[in-house]
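For reference, the structure is listed below as structure tokens.
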Amino acid sequence: CGTVAGELGLSESDTAALERAAHLCKADLACRLVIEFPSLQGIVGGLYAAADGEPSLAAGAIRDHYRPAAAGDDLPETVAGQVLSLVDKMDHVVGCLSLGLVPSGAGDPQGLRRRTQGMLSIVIDGRLPVHLLSLFERACSELSIEPESVRQPFMDLLAQRAHAVLE
């Protein structure tokens, strides 16, 4: 997240809050409330973070990082939330593709199409000037995945979703 924040010219305090949010954003998955009500993922995390005294920007980014969850869903409210959501979605997509979990036909149990469409919505509708292929390369590096092993499935998925979004 810090590298993307630097590329976008976020302030030092915004970058620090974003990195804190990235560190904490999945902590709410350990609570039973989120297990019982998965739709509260992120929302509960943001509330817990705020109650624990985390900066409001970090708590908001945690709350928003699952957005957009579906086509037509709201985008994250802040740039920090958009960056965190984008990085989280890219990590998920790249990780799944590296395991051979490529959507086929109507099957997409890992939600890769939805996440890819969410990334495109953040970049296009949120006007976030991020180069997705650079983010893809960074995700591969961070996850110790050879980019060439997942580049074609990623490009196919990105092209399919871009076609759907732009249509």
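The values are calculated or read from the model by the stated rules, or taken from the named source; none is laboratory data. Keep in mind it's a predicted model, so treat the numbers as computed, not measured. All Cβ positions, even for glycine, are placed from backbone atoms using ideal geometry, and neighbour counts span all protein chains on display. Accessible surface is based on the protein model in full, side chains and every heavy atom, while ligands, DNA and RNA are left aside. Shrake-Rupley method; radii C 1.70, N 1.55, O 1.52, S 1.80 Å.
Assorted remarks:
- Förster radius 35 Å - calculated FRET efficiency between SER11 and ALA106 (Cβ-Cβ, nearest 0.05): 0.20
- Once both labels are positioned 7 Å from their Cα atoms along Cα-to-Cβ, the gap between ALA50 and ALA69 label points is 1.7 nm.
- Inter-label distance for HIS163 and SER141, nm, one decimal - labels placed 7 Å from Cα along Cα-to-Cβ: 3.1 nm
- Part-to-part distance (alpha-carbon centres) for segment 1-77 and segment 108-162, which is given in Å: 19 Å
- From its DSSP helices (H runs of at least four residues, each -39,500 (n - 2.57)), the chain gives a residue-normalised ellipticity at 222 nm of -20000 deg cm²/dmol.
- Nearest-0.05 FRET efficiency for HIS23 and ARG127, computed from C-beta distance (R0 25 Å): 0.40
- Among ASP108, ASP64, ASP14, the largest mean-square fluctuation in a Gaussian network model of the chain, built with springs joining Cα atoms closer than 10 Å, belongs to ASP108.
- Once all protein chains are placed together, ARG67 keeps about 60 Å² accessible to a 1.4 angstrom probe.
- If you take all other residues with their beta carbon under 12 Å from the beta carbon of ARG114, and give Lys and Arg +1 and Asp and Glu -1, the sum is +3.
- Translational diffusion of segment 19-167, µm² s⁻¹ [Kirkwood Rh, Cα pairs; Stokes-Einstein; 20 °C; 1.002 mPa s]: 136 µm²/s
- Total formal charge among the other residues, if their Cβ is under 12 angstrom from that of GLY95, Lys/Arg +1 and Asp/Glu -1: -1
- Averaging the sequence gap over all C-alpha pairs within less than 8 Å and six or more residues apart, then dividing by the number of residues, gives segment 23-76 a relative contact order of 28 percent.
- The length gained on full extension between ILE35 and THR3, counted as 0.36 nm times the residue separation minus their Cα-Cα distance, comes to 8.3 nm.
- Carbon and sulfur %, accessible surface of the chain computed with the full protein complex present, 1.4 Å: 53 percent
- Taking Cβ atoms as reference points and 15 Å as the exclusive limit, the residues near GLU77 contribute a net charge of -2, counting Lys and Arg as +1 and Asp and Glu as -1.
- With protein chains left intact and a 1.4 Å probe, residues in the chain average 52 Å² of accessible area per residue.
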